[in-house]
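Taking it in order: structure first as structure tokens, then the write-up.
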Amino acid sequence: MDITKYEQHDKEPFAACENPEVPSGKWLLANIPARPTTLLDVGCGTGIHTRWFNGQGIKAIGITINPDEINNRVHKNVQYGNMLEIPFNDEVFDCVFCLGTLEHTHAPFVALCEFNRVLKNDGYLFFDMCGLNCSFILDARFSYHKSILLPVQIKDLLLRTGFRIIDGKYTDSVIDNKYYQVKITTGSHYLSKKVETVAL
């Protein structure tokens, strides 16, 4: 079954990968146990982070499925690539960086298996996940979110795809309206280490 045909790029109002302050990139380099020399930026947008990582002396390559982002790329290392069929050989990268992207696929398990495949042994994976506040089905602003995962689901997926969580951060908010009040995780990011090779 070719699941890549179900992937599409949906225009979103603000993409974290386009933040010129690159806070997630800075967090990664401050917290990763071993500084990477090679990095794959999955869902890189126009390549803001790809450019920044290269400026830090890391050989970074960015992939996106959006032709407009490739046409407007800010770094030469931005190219076409689908996270469900990453166009690189096995065990090429020290780190996979996936910012604001994993929730855009119907198949996060397949994407994580692909991240595992292209990572070297003992390589690192950074990704973030928006929270339930970004999943309201009647809110057109979030129609491009296909897989909003809870932390317990993320933990299970990481274990099943050969990763061990070594660091993470959560942001909580309280939703308070006339119907209910609830504290939910509105965003999280994870730093994981590849501990075994898995294959689909």
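In this structure, is residue 41 within 24 Å of residue 199 (Cα to Cα), of a type in the set (D, E, K, R) and surrounded by 16 or more Cβ atoms within 10 Å (Cβ to Cβ)?
Judged against the criteria, residue 41 is a match.
Is at least one residue of the range 167-182 at pLDDT 65 or above, in a loop (DSSP other than H, G, I, E, B), touching a helix residue (DSSP H, G or I) at 6+ places or on another chain (Cβ under 9 Å) and not polar (S, T, N, Q)?
Checked the range 167-182: no residue is at pLDDT 65 or above, in a loop (DSSP other than H, G, I, E, B), touching a helix residue (DSSP H, G or I) at 6+ places or on another chain (Cβ under 9 Å) and not polar (S, T, N, Q).
With the checklist (1) under 15 Å from the mean Cα position of the chain (by Cα); (2) assigned to a loop (DSSP other than H, G, I, E, B) in hand, flag the one item residue 109 doesn't pass.
Residue 109 satisfies every listed condition except (2).
Can you say whether residue 15 is surrounded by 17 or more Cβ atoms within 10 Å (Cβ to Cβ), modelled with pLDDT of 95 or more and small (Gly, Ala, Ser), as far as the supplied structure shows?
no
Residues in the range 90-105 that are outside any loop (DSSP other than H, G, I, E, B) and out of contact with any Lys or Arg (no Cβ under 7 Å at 6 or more places or on another chain): how many?
Residues flagged as outside any loop (DSSP other than H, G, I, E, B) and out of contact with any Lys or Arg (no Cβ under 7 Å at 6 or more places or on another chain) within the range 90-105 amount to 5.
Residues being assigned to a loop (DSSP other than H, G, I, E, B), in contact with a strand residue (DSSP E or B) (Cβ under 9 Å, 6 or more places away or on another chain) and over 14 Å from residue 101 (Cβ atoms): count how many of those fall in the range 16-45.
Selection size over the range 16-45: 6.
May I ask you to list the residues in the range 18-37 that are hydroxyl-bearing (Ser, Thr, Tyr), more than 12 Å from residue 60 (Cβ to Cβ) and surrounded by fewer than 18 Cβ atoms within 10 Å (Cβ to Cβ)?
none
Give the residue, chosen from 92, 78, 96, that is among the aliphatic types (A, V, I, L, M), within 16 Å of residue 22 (Cβ to Cβ), modelled with pLDDT of 95 or more and surrounded by 13 or more Cβ atoms within 10 Å (Cβ to Cβ).
Just a single option satisfies the conditions, and that option is 78.
I'm checking my understanding of the structure. Among residues of the range 47-75 that are part of a loop (DSSP other than H, G, I, E, B) and within 15 Å of the chain's Cα centre (by Cα), which one is surrounded by the most Cβ atoms within 10 Å (Cβ to Cβ)?
47
Of all residues being polar (S, T, N, Q) and modelled with pLDDT under 90 in the range 131-166, which is nearest to the chain's Cα centre (by Cα)? Just the residue, please.
The residue in question is 147.
Residue check, residue 87 against (1) out of contact with any Gly (no Cβ under 8 Å at 6 or more places or on another chain); (2) surrounded by fewer than 17 Cβ atoms within 10 Å (Cβ to Cβ); (3) modelled with pLDDT of 95 or more; (4) outside any strand (DSSP E or B), all met but one. Which one?
(1)
The values are calculated or read from the model by the stated rules, or taken from the named source; none is laboratory data. Quick caveat, the model's predicted, so the values are computed rather than measured. With ideal geometry, Cβ positions are generated from the backbone for all residues, glycine too; neighbour counts draw on all protein chains shown.
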